[in-house]
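K.L.:
Got a structure for you, written out below as structure tokens; questions coming shortly.
The values are calculated or read from the model by the stated rules, or taken from the named source; none is laboratory data. Keep in mind that what you see is a predicted model, and the values were worked out from it rather than measured. Please note: Cβ atoms are built from the backbone with ideal geometry, for glycine as well, and neighbour counts cover all protein chains shown.
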Amino acid sequence: MSVATRRDVWMLARELAEAIAETPELQEYRRTEDAVLADPEAVALIQEYEAAKRAVKRSRGRPPEEQQALVERFLAVEERFNAHPAIQAYWNARVALDAFMDRLNAVITFPITGQEAPKTKGGACGSGGGCGCGG
């Protein structure tokens with residue numbers, strides 16, 4: 001493919017963005033994000049998790065028993081967080097989307113960096129192979 005101008009590059013980038021928006025990874029991410037946001041219990045649990053995590057980070061310099069209590073509280077919240085089905089579906093979708101985007105970024109940056117895209121199962125582009133597309 002020949003690209004004559006910067007405008008051509010921007011147009012291709014827009015086309016790529018539109019194509020990414022249609023991928024199963026992004027669709028699942030959006031679906032699970034919507035499910036979490038529609039679940040008041042999940043939203044409250046995420047806020048509690050983040051608050052407990054911040055409390056542990058800010059606890060440096062406090063007495064050890066106070067630090068331990070904050071860590072124990074965080075671990076209890078984390079256990080509930082990890083067990084919540086909507087949050088876990090969202091987390092799994094996020095991990096899958098991140099992996100997809102990492103593979104895509106490796107393919108895009110190869111001509112710039114010269115570093116090979118990550119290899120998946122054998123074969124050529126479109127077969128889940130050497131290009132890293134997973135397709």
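K.L.:
Out of I87, I108, which single residue is modelled with pLDDT of 95 or more and of a type outside the set (S, T, Y)? Even if it seems obvious, please write down each step before you answer.
P.N.:
Numbers: I108 fails: modelled with pLDDT of 95 or more.
Among I87, I108, only I87 is modelled with pLDDT of 95 or more and of a type outside the set (S, T, Y).
K.L.:
Would you tally the residues in the range 38-50 being assigned to a helix (DSSP H, G or I) and surrounded by 14 or more Cβ atoms within 10 Å (Cβ to Cβ)? Steps first, answer last, please.
P.N.:
Narrowing the range 38-50 to residues assigned to a helix (DSSP H, G or I): 40-50.
From what is left, the residues that are surrounded by 14 or more Cβ atoms within 10 Å (Cβ to Cβ) are 42-43, 45-46, 48-49.
Residues in the range 38-50 being assigned to a helix (DSSP H, G or I) and surrounded by 14 or more Cβ atoms within 10 Å (Cβ to Cβ): 6 in total.
The rows are residues; the columns are (1) closer than 22 Å to V95 by Cα; (2) assigned to a loop (DSSP other than H, G, I, E, B); (3) without any contact (Cβ under 8 Å) to a residue 40 or more places away in the chain.
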| site | (1), (2), (3) |
| --- | --- |
| A17 | yes, no, yes |
| Y29 | yes, no, no |
| V36 | yes, no, no |
| A52 | no, no, yes |
| S59 | no, yes, yes |
| E66 | no, no, yes |
| F81 | yes, no, yes |
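K.L.:
So, one more: Can you pull out every residue in the range 14-33 that is surrounded by 12 or more Cβ atoms within 10 Å (Cβ to Cβ) and not basic (K, R)? Working first, answer last.
P.N.:
Quick first cut of the range 14-33, residues surrounded by 12 or more Cβ atoms within 10 Å (Cβ to Cβ) only: 16, 20, 23, 25-33.
Result: L16, I20, T23, E25, L26, Q27, E28, Y29, T32, E33.
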